[in-house]
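The values are calculated or read from the model by the stated rules, or taken from the named source; none is laboratory data. In this text the structure is predicted, and so the values were computed from the model without any measurement. Quick reminder, even Gly has a Cβ in these numbers, built from the backbone with ideal geometry, and neighbours come from all protein chains shown. Side chains are part of the model used for accessible areas, which takes the heavy atoms of the whole protein and leaves out ligands, DNA and RNA. Shrake-Rupley method; radii C 1.70, N 1.55, O 1.52, S 1.80 Å.
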Amino acid sequence: VLYGHGLLPVMRVTLSDATLFDAAMTRIEVSADQQLPVAEVDGTPYRYVEDDKVRVIIATVGDELVLTVSPASLDDAALARLLGLKLPARNIGQTGKLLDIAKEYGYLHEYMGMVDTVRVVDTFIEEPKGIDAVLLEMAGYDAGTLSEVCKTEFRALAAIAPRIVTGYEEVSAEKLRTNAVIELRDDIASEFGAFVSPVPGLGTVYEGLFTFGMSLDIEAIRSFFDKRVAALQEAPWKCEHLIDAQEQLFAAREQALAQPVPPLLYDFRGFLAVVNELEGLDIGKKQPPESIDASFLLAIDNAQGLLAMGQAMLPQLAEMSIEPDGKAHRFELPETGAEAETAWVALSESAIALSVSKDAETVLPALLKADAGTPPPFMSVGVDGARYYTLVGDAMRASDDEEMSEEMREALSDVLAAAADFYERLQFDVRFTARGIEIDSEANLAD
């Protein structure tokens, strides 16, 4: 479990045998010919590393490993509470808050997390207590200097995104699915939902090496910014600590009003790139791919207008009559030394797609007709885990980076090779929902 004891982070890990763990630590010290200093609190010894009055503490308490950071000057009573030798009168498990989150979001009980941003802000604007008082005093921070106006406005800002929650939705031998939500105030979440537009195929799980895409409604984002800053100008912040940021927002709005967005950008709705193969690519040797199998879709309201611009610049396209019917048309690429010599283009009323895939004639029509996610993703990334980690691991092993030792490169390569054996496919999607900003991840595991 990773949690905050006040502002200090603490990690507790259950051990199968604390004695064996301590013995392993001793062997590491002997191998490194350097023994960590040892101190004791309430009869419990702990190892530590100290630097600039801050201690990183490594302790075994019962059958648990405890890792934490603290001021070196922390007194024994506070340190005992930090290490869990003295338990709090009430803990978060007793409040039922985590179970409520699991029920609300459909999380499994095996893994979930929460950051209460309102409480974090309160820590800095209210009179600090316990360890927090020691930490803030060391940092030279005095909450007593904050005016009531500042406290009120900081609380209002924290309430925009009051909480972050995360948890597992599925854990099986085949798949891991997680969800994280940056909760937003209802009116803000509602307006964020207008920032995205449907993009064919965005959010779909493909089988290629790599996919990446996003959707964006620039007019909606500009309208949101203009509306919110205009409201702030009507009722500006009064806290002196927010004045500089406020002036920058006002200046940015004035600049945006003075520079109209080109109509073409207002037409833009998003894009999707699907890379199936990069044959011959060797990152470590800086060798470009010998052949590419990839497709690209651009969602735009005036797709025919964009095609006309392309035809004006490329004679190979100018000679072609392309209708918005989704049919793929082949054309020769300019001689630029690119790996692909020919490409295919297809058009619909609201998107244009290009491909250098060997199956482009069937891929492009299917791509243009593909379903858009519901709700539309803001961003979507998919990766073939085995091929990606193998590619990066080989590049790491062949790298001549002098800032990293050969042993470190080999060790990292081994870690990446293990990941290549473990993950079959990884998918990440970011969406704007009524709850806020949601980040979904899915990892398909290898057999």
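Might you report the magnitude of the Cβ-based charge dipole of the chain about its Cα centre, with Lys and Arg at +1 and Asp and Glu at -1, to the nearest 20 debye? Present the calculation step by step, with values, prior to reporting the outcome.
Working: 36 positive and 76 negative charges, 278 e Å.
That gives a dipole near 1340 debye.
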**Study point:** Set of lysines with alpha-carbon distance to K97 below 30 Å, sequence-local pairs under 8 removed
**Key:** K86, K129, K151, K175
Check your understanding: Counting GluC sites (Glu not before Pro) as exposed when in a DSSP loop with at most 16 other beta carbons within 10 Å, what is the longest stretch of the chain free of them?
Key -> 1-109
Revision key, fill the gap. Its Cα gyration tensor gives the chain an equivalent ellipsoid whose semi-axes in whole Å, largest first, are 48, 33, 21
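For segment 60-115, what is the accessible area per residue in Å² when the probe is 1.4 Å?
Values: 3280 Å² over 56 residues.
It amounts to 59 Å² per residue over segment 60-115.
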Check your understanding: Using the alpha-carbon atoms, what tilt in degrees (0 to 90, nearest 10) does helix 148-158 show relative to the longest principal axis of the chain?
Key -> 50
Exercise for review: Could you tell me which of V41, A77, I58 has its Cα farthest along the dipole of segment 28-85 towards the positive end, charges placed at Cβ (Lys, Arg +1; Asp, Glu -1), taken about the Cα centre?
Suggested key: A77
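For the chain, what is the relative contact order in percent, using Cα pairs closer than 8 Å and at least 6 residues apart in sequence?
Values: 797 pairs, mean separation 63.1, N = 447.
Computed over the chain, the figure is 14 percent.
Pulled fully out, how much extra length does the chain show between A308 and R435, if you take 0.36 nm times their separation in residues and subtract their Cα-Cα distance? Provide the component values of the computation, followed by the final result.
Values: separation 127, 0.36 × 127 = 45.72 nm, distance 4.11 nm.
Separation in residues times 0.36 nm, less the Cα-Cα distance, equals 41.6 nm.
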Check your understanding: Each residue of segment 201-215 in order: what ³J(HN,Hα) in whole Hz does its phi give by Karplus 6.51 cos²θ - 1.76 cosθ + 1.60, θ = phi - 60°, with x for Gly and Pro?
Key -> x, 6, x, 6, 8, 9, 9, x, 5, 7, 10, 8, x, 7, 10
**Study point:** Label-zone membership for segment 75-106, site E137, 7 angstrom Cα→C-beta point, backbone N under 18 Å
**Key:** 75-82
**Study point:** Kirkwood hydrodynamic radius (C-alpha pairs) into Stokes-Einstein, segment 229-325, 20 °C and 1.002 mPa s, D in µm²/s
**Key:** 115
**Study point:** the chain - mean residue ellipticity at 222 nm from DSSP helices (-39,500 (n - 2.57) per run, n ≥ 4, rounded to 500)
**Key:** -11000 deg cm²/dmol
Check your understanding: What part of the accessible area of the chain, given as a whole %, is carbon or sulfur when the probe is 1.4 angstrom?
Key -> 56
Practice item. Multiply the residue gap between Y168 and R27 by 0.36 nm, knock off their C-alpha separation, and tell me the result in nm, one decimal place. Key: 47.2 nm
Check your understanding: Where does helix 385-398 land angle-wise versus the long Cα axis of the chain, in degrees 0 to 90, nearest 10?
Key -> 80
Exercise for review: Taking all pairs of distinct Cα atoms, average 1/r, flip it, and tell me the Kirkwood hydrodynamic radius of segment 54-129 in Å to one decimal place.
Suggested key: 15.2
Review point. Cα centroids of segment 1-42 and segment 381-447: how far apart, whole angstrom?
Key: 29
Exercise for review: May I ask you to give the solvent-accessible area per residue for segment 169-232, in square angstrom, as obtained with a 1.4 angstrom probe?
Suggested key: 46
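First check a/c for segment 325-442, with a ≥ b ≥ c the square roots of the eigenvalues of its C-alpha gyration tensor; if it is under 1.5, answer rounded, and if not, answer prolate when a/b is larger than b/c or oblate otherwise. Intermediate results must be reported in sequence, preceding the final value.
Working: a/c = 2.86, a/b = 1.39, b/c = 2.06.
Verdict is oblate for segment 325-442.
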Revision key, fill the gap. Longest principal axis of the chain (C-alpha) makes with the long axis of helix 303-313 (C-alpha) an angle, in degrees to the nearest 10, of 70
Revision key, fill the gap. Placing +1 on each Lys and Arg Cβ and -1 on each Asp and Glu Cβ in segment 1-151, then taking the dipole about the Cα centre, the residue among P128, M11, T117 whose Cα reaches farthest towards the positive end is T117
Check your understanding: In whole Å, what are the Cα extents of segment 130-250 along the three principal axes, biggest one first?
Key -> 57, 41, 25
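Once you sort the root eigenvalues of the Cα gyration tensor of segment 1-71 as a ≥ b ≥ c, which label holds: rounded (a/c under 1.5), prolate (a/b larger than b/c) or oblate (the other case)?
On the way: a/c = 1.85, a/b = 1.17, b/c = 1.58.
Because a/c hits 1.5 or more and a/b fails to exceed b/c, segment 1-71 counts as oblate.
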